[in-house]
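A.B. asks: Input: one structure, supplied below.
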Amino acid sequence: MAGDASISTLSKGVRKVGEAAVEYGSAPGAADPGAHGYLALLGLRSSDTATLVRRLREGISYASLEKLRKSLGVSTQELAEAVRISPRTLARRRKAGRLQPDESDRLVRLARLFAAAVELYRGDPGGARTWMMRPSRALGGASPFAMARTEVGAREVEALIGRIEHGVFG
C-alpha cells in the first residue's frame, strides 16, 4: 500500500497505516459471524463448508453479485472485471438470475477478502473499501481489489492482512 513505510505503533493494538489509524481486532460488540460469515455480504446465510461447496456448484444468484457490488461501492463493470465476467456474459447471467460455479467461486473469494479487510478495520466498511482500492507497495503496486482477480493474488492479500494484524511489515 502507498505509505507502507509510514506504518507505526500508536498504542497497544493500534497501528498507523499510511494516513489512517487502525485499531485491530473485533469491533466492539460484534457477533461472531461463524466460519463463513462473509457470505452475508452476498445476502447468503453462513453455512458449513459442505453446504457452501454445494451452493457454489449450483451457482449463486445474480442478486448476490449486486449485493456485494453495493457493499464494495464499485460499478457493476468494475466488479464483473474483478471476478472475470465479460459484459455480454454478465448480461446473460443477469437475465438467467444465476452465476456459473466458477464465477460464483470468484465472487465468494472477493467477498471473503472484503470481509477480512472490514475485520482489519474493526468493522468499518468505508476504511476497508479505501484500503481495498489503494495501491500497495506490499502487493507490487497493485490494489488488494485488483489482486483478488486470481487465487494467487487473493492469497497474497490474505497474507498481507495477516502480517498487518500481527504487526509484521517487513
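A.B. asks: Of the residues 76, 9, which is out of contact with any Ser or Thr (no Cβ under 9 Å at 6 or more places or on another chain), of a type outside the set (Lys, Arg) and at pLDDT below 90?
C.D. replies: Going through 76, 9 in turn, the sole match is 9.
A.B. asks: If residue 30 satisfies every condition in (1) modelled with pLDDT of 95 or more; (2) aliphatic (A, V, I, L, M); (3) surrounded by fewer than 16 Cβ atoms within 10 Å (Cβ to Cβ) but one, which is the exception?
C.D. replies: Here residue 30 meets the rest and fails (1).
A.B. asks: Right, residue 90: within 22 Å of residue 147 (Cβ to Cβ) and either free of Cβ contacts under 8 Å to residues at least 12 places away in the same chain or crowded, with 21+ Cβ neighbours inside 10 Å (or both) or not?
C.D. replies: Values: within 22 Å of residue 147 (Cβ to Cβ): yes; either free of Cβ contacts under 8 Å to residues at least 12 places away in the same chain or crowded, with 21+ Cβ neighbours inside 10 Å (or both): no.
For residue 90, the condition - within 22 Å of residue 147 (Cβ to Cβ) and either free of Cβ contacts under 8 Å to residues at least 12 places away in the same chain or crowded, with 21+ Cβ neighbours inside 10 Å (or both) - is not met.
A.B. asks: Search region 143-170 for residues that are open to solvent by 50 Å² or more (accessible area, probe 1.4 Å) and pair each with any residue that is outside any helix (DSSP H, G or I) when their beta-carbon atoms are under 6 Å apart and the residues are at least 6 apart or on different chains.
C.D. replies: The qualifying pairs are 165/24; 169/7.
A.B. asks: Follow-up question, since we're still on this one. Restricting to region 68-81, name every residue that is surrounded by fewer than 18 Cβ atoms within 10 Å (Cβ to Cβ) and either β-branched (Val, Ile, Thr) or in a helix (DSSP H, G or I) (or both). So that I can check it myself, show each step before the final result.
C.D. replies: Looking only at region 68-81, we keep the residues that are surrounded by fewer than 18 Cβ atoms within 10 Å (Cβ to Cβ), and these are 70, 73, 75-78, 81.
Matches in region 68-81: 70, 76, 77, 78, 81.
A.B. asks: Condition test on residue 50, is it modelled with pLDDT of 80 or more, under 20 Å from residue 72 (Cβ atoms) and assigned to a helix (DSSP H, G or I)?
C.D. replies: Details: modelled with pLDDT of 80 or more: yes; under 20 Å from residue 72 (Cβ atoms): no; assigned to a helix (DSSP H, G or I): yes.
Taking the combined requirement at face value, the residue does not satisfy it.
A.B. asks: Can you tell me which residues in region 96-122 are of a type outside the set (D, E, K, R) and either farther than 12 Å from residue 161 by Cα or assigned to a loop (DSSP other than H, G, I, E, B) (or both)? Walk me through it before giving the result.
C.D. replies: Step one: list which residues in region 96-122 are of a type outside the set (D, E, K, R), which gives 96-97, 99-101, 104, 107-108, 110-111, 113-118, 120-121.
The answer is 96, 97, 99, 100, 101, 104, 107, 108, 110, 111, 121.
The values are calculated or read from the model by the stated rules, or taken from the named source; none is laboratory data. Quick caveat: nothing in here was measured; it's all calculated off a predicted structure. As a convention, Cβ positions derive from the backbone with ideal geometry for all residues, glycine included, and neighbour counts pool all protein chains shown. Heads up: the accessible areas ignore ligands, DNA and RNA and are worked out on the full protein's heavy atoms, side chains in. Shrake-Rupley method; radii C 1.70, N 1.55, O 1.52, S 1.80 Å.
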